[in-house]
């Protein structure tokens, strides 16, 4: 579910990298062939809200608190740099990234960016 005509200002390549990293992490959290990944994007007032919800393994409060720290990864072969870069990109665009999760119940990532009117 993605609303049409969502606009923000920023570096297209970097914003795409940040959003795709969050989506990729959601996909990788789903174990086996069963599960779901739901992506929604809407405009609410002066913000764009992108939600990426998965039915993966979820995270503990301790794991959530460490997300984005350099070299911290929940993946076997992760470098711990992907989310650090993602947080940095979003912050540089006056945006935020929040996570809601419970162990065994999946995770929801929420990206919030400033919305602008279409300048075309």
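As an exercise, take the mean of 1/r over every pair of distinct alpha carbons in region 14-114, invert it, and state the Kirkwood radius in angstroms.
Taking the inverse mean of 1/r over all distinct Cα pairs, region 14-114 comes out at 13.7 Å.
Volume per residue, Å³, of the convex hull around the alpha-carbon atoms of region 12-53?
Cα convex hull per residue, to the nearest whole number: 65 Å³.
With a cut-off of 8 Å between alpha carbons and a minimum separation of six or more residues, what is the relative contact order of the chain in percent?
Answer for the chain is 32 percent.
Based on alpha-carbon atoms only, what is the radius of gyration of region 69-120 relative to the globular estimate 2.2 N^0.38 Å?
Ratio of Cα Rg to 2.2 N^0.38 Å: 1.44.
Please identify which residues in region 56-88 have an amide N closer than 16 Å to a label point set 7 Å out from the Cα of residue 31, following the Cα→Cβ vector.
Under 16 Å, as judged by backbone N against the label point of residue 31, lie 56-60, 74-77 of region 56-88.
Roughly how many nanometres apart are two label points built 7 Å out from the Cα toward the Cβ at residue 57 and residue 73?
About 1.4 nm separates the two model spin labels.
At 222 nm, what value in deg cm²/dmol follows for the chain if DSSP H runs of at least 4 each add -39500 (n - 2.57) and the sum is divided by all its residues, to the nearest 500?
Here the helix-only value at 222 nm equals -9000 deg cm²/dmol.
Read-outs: derived from the displayed coordinates by stated rules, not from any lab. Worth saying up front: this structure is predicted, and the values here are computed from it rather than measured. Note: ideal-geometry Cβ built from the backbone for every residue, glycine included; neighbour counts use all protein chains shown.
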